[in-house]
1. Can you tell me, using C-alpha contacts under 8 Å and at least 6 residues apart, the relative contact order of the chain as a whole percent?
2. Residues of the stretch 4-27 with backbone nitrogen within less than 15 Å of a virtual label 7 Å along the Cα-to-Cβ line of Tyr81, please, listed as ranges.
3. Considering just Cα atoms, how many Å³ per residue does the convex hull of the stretch 1-98 enclose?
4. So what's the back-of-envelope 222 nm ellipticity for the chain, counting only DSSP H runs of four-plus at -39500 (n - 2.57) apiece and dividing by all residues, rounded to 500?
5. Whose amide H sits under 5 Å from the amide H of Ala28, counting only residues 5 or more places off or on another chain, with H placed in the peptide plane?
6. Relative to the Cα centre, what is the charge dipole magnitude of the chain, using +1 at the beta carbon of each Lys and Arg, -1 at the beta carbon of each Asp and Glu, and rounding to the nearest 20 debye?
7. Under 16 Å Cα-Cα from Lys56, which aspartates and glutamates qualify once same-chain neighbours fewer than 8 residues away are excluded?
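Any read-out appearing in this document is the output of simple, stated calculations on the displayed coordinates, not a laboratory observation. Just so you know, these numbers come straight off a predicted model, no measurement behind them. Here Cβ is always computed from backbone atoms with ideal geometry, including for glycine, and neighbour counts include all displayed protein chains.
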Amino acid sequence: IFNIQGVEERFKELTTAECEKRGIEILALECHVDHVHIFVSVLPTMSIPNIMKQIKGCTSHQLREEFPQLKAMPSLWTRSYFVSTAGNVSSETIKRYVDTQKTRP
């Protein structure tokens with residue numbers, strides 16, 4: 001979806017607004033052709049499945065309204081996602097990884 005002019009920028013705006021509304025700090029956010037890498041800081045009491053549902057739901061709805069060609073897709077996002085904690089890896093290392101995803105082959 002991110003090969004359509006303007007979709008990536010709008011997705012980032014929508015995601016940032018949704019996260020701000022919910023008190024989620026985005027540390028890094030990068031889009032690839034068909035997926036997203038997002039590194040966030042959330043309270044341990046927050047539900048990751050609910051966060052993902054909210055981000056995917058609001059971005060799907062709004063992007064389909066603003067970019068009619070996306071309506072031809074059966075769904076914008078899958079229900080799947082990958083989550084991991086930072087553990088022993090520094091925040092700088094994770095941020096660098098996310099930031100460089102677009103330039104990787």
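1. Reported as a whole number, the value is 31 percent.
2. 12, 14-27
3. It comes to 98 Å³ per residue, whole-number rounded.
4. The helix contribution divided over the chain gives -13500 deg cm²/dmol.
5. Counting only residues 5 or more places away or on other chains, the set is Phe39.
6. The calculated dipole for the chain is roughly 280 debye.
7. Filter leaves Glu8, Glu9, Glu13, Glu18, Glu20, Glu30, Asp34, Glu65, Glu66.
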